[in-house]
Amino acid sequence: MHDESKAAANGCGKIRSGAQNGAALLALMEKTGYSMVQQNGQRKFGGPPPGWEGPPPPRGCEVFVGKIPRDMYEDELVPVFERAGKIYELRLMMEFSGENRGYAFVMYTTKEEAQLAIKILNNYEIRPGKFIGVCVSLDNCRLFIGAIPKDKKKEEILNEMKKVTEGVVDVIVYPNATDKTKNRGFAFVEYESHRAAAMARRRLIPGTFQPWGHTIQVDWADPEKVVDEETMQRVKVLYVRNLMISTTEDKIKAEFNKFKPGVVERVKKLRDYAFVHFFHREDAVAAMSIMNGKCIDGASIEVTLAKPVNKESSWKQHFNGQISPSSENLLGFPNKEDGTQKSLGKPASLSVRLNGQHSPSPPEVERSTYPIFPGIKLTPISMYSLKLSHFSSAVMHLDYFCHKNSWAPPEYCLYSTTSQDGKILLVYKVL
């Protein structure tokens, strides 16, 4: 056993109260053979475990654990999380006082073990009346770069990022919805590791680097939604991107029915992307292979399986996401500051309870109605450039959450009935 491991356990024993003490941690290390080291505000158990050979487990093997009682430590946590599989490493965040900070990261040796941990331990009652939250944790390797000149191509952006940052793997650029020869003014840069992305973010702080003579915006990109393999095996909906605004749902349905007539159940299109629903999964998979990269109305489309909500891992570490471009509205900004976007696709928080987690609301923004006269110039604007505080309707809120959770867009069905006094009553049912 390492001396520093003993020091970590003994140091904790002096400040912990009750039955949990340093002896319990020493006993855990002797039983498992794992080492324990405390540094940089966290205590690391394992990483690697005894006898481990080869590289660390790949991305997708780590889970985030929240709502841990502040006086709970590894001697209680390890036996609980070992139920799902072999622990490669457990990192418990620590306060100077010796209490934990209420959350930890547990890395397993396989992705399957991590998914099992989410399935059996999310909302697990770890102490009477104390329920922990467990969800997948991925090291974010992607940066959001905003305020990019819209005439720049993917290769130009990739080369520019490689000049000033290290570890660039790829650049993701989305074509403009109305002009496919231009980008949307932002891109996502993928790095080989979280550390490389963090160093790049520091290097690209606005003002220190101005590619093409422009001050760019830099922030962490929202992590990709992770859905377990079992759920993805049941998906029979395709997500189709980079469509022309003018392309109709009927045209999309006809194109996807060409390889096998009658396989498409329905199509829901929103601006330049759509969801294509199939009756059978095998037809959806075949269509994805055939249609990806095909041209519809002159636009080269991208086709992937739509990601449904993973209900087992829907407990969130943070409430943050991207605004859906599927609904449009004309909003008046009371002043210039309200119209200034901090980051495309990085909205302010909305006051709502989502999966039991409350997000604080921003100060209410004053809204006004402005008359529109003939000849007034109207500039097209995407919801990507708005803040949630500018949303004024429940319809826009619902659209946002559907997009955030990768659900199919809402469908509004109008029904009527006659009241006892003979009046016609109307009601919308929302699917």
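Modelled this way, with points 7 Å down the Cα-to-C-beta line, the labels at LYS162 and TRP407 are 4.3 nm from one another. Relative contact order of the stretch 31-136: 32 percent, from C-alpha pairs under 8 Å at least 6 residues apart in sequence. Placing dummy labels 7 Å off each Cα toward the beta-carbon, the span from CYS295 to ARG241 is 2.2 nm.
The Cα center of the stretch 283-308 and the Cα center of the stretch 161-209 differ in position by 25 Å.
Across the stretch 229-305, Cα pairs under 8 Å and at least six residues apart give a relative contact order of 41 percent. Taking a ≥ b ≥ c as the square roots of the eigenvalues of the Cα gyration tensor, the stretch 31-136 is oblate, since a/c reaches 1.5 or more and a/b is not larger than b/c. Only protein heavy atoms count here; under a 1.4 Å probe, ASP151 has an accessible surface of about 100 Å². Projecting the Cα positions of VAL285, VAL240, LEU270 onto the charge dipole of the stretch 229-305 (unit charges on Cβ atoms of Lys, Arg, Asp and Glu, taken about the Cα centre) puts LEU270 furthest along the positive direction.
In this structure the amide hydrogen of GLN217, modeled in the peptide plane, comes within under 5 Å of the amide hydrogens of GLY146, ALA147, none closer than 5 places in sequence on its chain. Listed cross-link partners LYS182/LYS294; LYS180/LYS268; LYS130/LYS307; LYS119/LYS236; LYS153/LYS294; LYS152/LYS307 are compared with a 25 Å cut-off, the Cα-Cα value being larger for LYS130/LYS307; LYS152/LYS307. Surface composition of the stretch 31-136: carbon plus sulfur atoms hold 51% of the accessible area, using a 1.4 angstrom probe and ignoring ligands, DNA and RNA. With the cut-off at 1.5 for a/c, could you classify the stretch 229-305 from its C-alpha gyration tensor as rounded, prolate or oblate? Cα axes put the stretch 229-305 in the prolate bin.
Here's how it looks for TYR124: its modeled amide H is under 5 Å from those of ILE132, which are all 5 or more places away or on a different chain.
Taking amide H atoms as placed 1.01 Å from N in the peptide plane, the amide H of VAL171 lies under 5 Å from those of GLU190, each 5 or more residues away in sequence or on another chain. Label separation (ALA286 vs LYS260): 0.3 nm, computed from points 7 Å beyond Cα along the C-beta direction.
When a/c reaches 1.5 or more, the comparison of a/b and b/c decides; with that in mind, is the stretch 187-276 rounded, prolate or oblate per its Cα gyration tensor? Cα axes put the stretch 187-276 in the oblate bin.
The values are calculated or read from the model by the stated rules, or taken from the named source; none is laboratory data. In this text the structure is predicted, and so the values were computed from the model without any measurement. Neighbour counts run over all protein chains shown; Cβ positions are idealised from the backbone, glycine included. Note: accessible area is taken over every heavy atom of the protein model, side chains too, but ligands, DNA and RNA are not part of it. Shrake-Rupley method; radii C 1.70, N 1.55, O 1.52, S 1.80 Å.
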